[in-house]
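The values are calculated or read from the model by the stated rules, or taken from the named source; none is laboratory data. All figures in this text were calculated on a predicted structure; none of them were measured in a lab. Cβ atoms come from the backbone with ideal geometry, glycine included; neighbour counts cover every protein chain shown. Note: accessible area is taken over every heavy atom of the protein model, side chains too, but ligands, DNA and RNA are not part of it. Shrake-Rupley method; radii C 1.70, N 1.55, O 1.52, S 1.80 Å.
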Amino acid sequence: MTVRLAEPIDATASPSWCRRLVADLDAADARAIAVAEGITVAQLIWRPSPGVWSVGQCLEHLSIANEVYVEPMVESLGVAPSGPVDEILLGRL
């Protein structure tokens with residue numbers, strides 16, 4: 001899924017966390033495309049065992065999750081900040 005801002009982000013004016021986030025999302029898209037481009041439909045739907053997701057299901061999950069998260073992020077980048085954010089550290093729950 002590709003979402004575009006109405007106005008492009010000035011990379012030089014964006015904080016480092018914003019540039020890193022955009023780069024990480026772009027890299028994830030490129031990896032997913034690389035996985036999907038070289039496989040057949042049979043490989044896309046194959047499951048290693050019952051109850052385990054296929055490659056296609058994993059890619060669909062990523063696409064749906066991106067639709068949930070990316071749109072609000074894009075919307076928030078299109079408005080004036082409510083306060084300063086120097087750094088956002090990524091982590092796992």
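List of remarks:
- Looking across the stretch 49-88, the residues that are closer than 19 Å to Ala32 by Cα, surrounded by 12 or more Cβ atoms within 10 Å (Cβ to Cβ), of a type outside the set (Phe, Trp, Tyr) and free of Cβ contacts under 8 Å to residues at least 60 places away in the same chain come down to Ser54, Val55, Gly56, Gln57, Cys58, Leu59, Glu60, Leu62.
- Residue in the stretch 14-28 that is outside any loop (DSSP other than H, G, I, E, B), open to solvent by 60 Å² or more (accessible area, probe 1.4 Å), over 26 Å from Leu89 (Cα atoms) and not hydrophobic (A, V, I, L, M, F, W, C) present: no
- Scanning the stretch 38-58 for residues that are under 24 Å from the mean Cα position of the chain (by Cα) and not in a loop (DSSP other than H, G, I, E, B) returns Val41, Gln43, Leu44, Ile45, Val55, Gly56, Gln57, Cys58.
- Within the stretch 15-41, residues that are without any contact (Cβ under 8 Å) to a residue 40 or more places away in the chain and closer than 19 Å to Val55 by Cβ sit with their Cβ atoms under 7 Å from residues that are open to solvent by 70 Å² or more (accessible area, probe 1.4 Å) and assigned to a helix (DSSP H, G or I), at 6+ positions apart or across chains, in these pairs: Ala32/Leu62.
- Any hit, the stretch 32-48, residues being open to solvent by less than 50 Å² (accessible area, probe 1.4 Å), at pLDDT 80 or above and under 21 Å from Pro72 (Cβ atoms): yes
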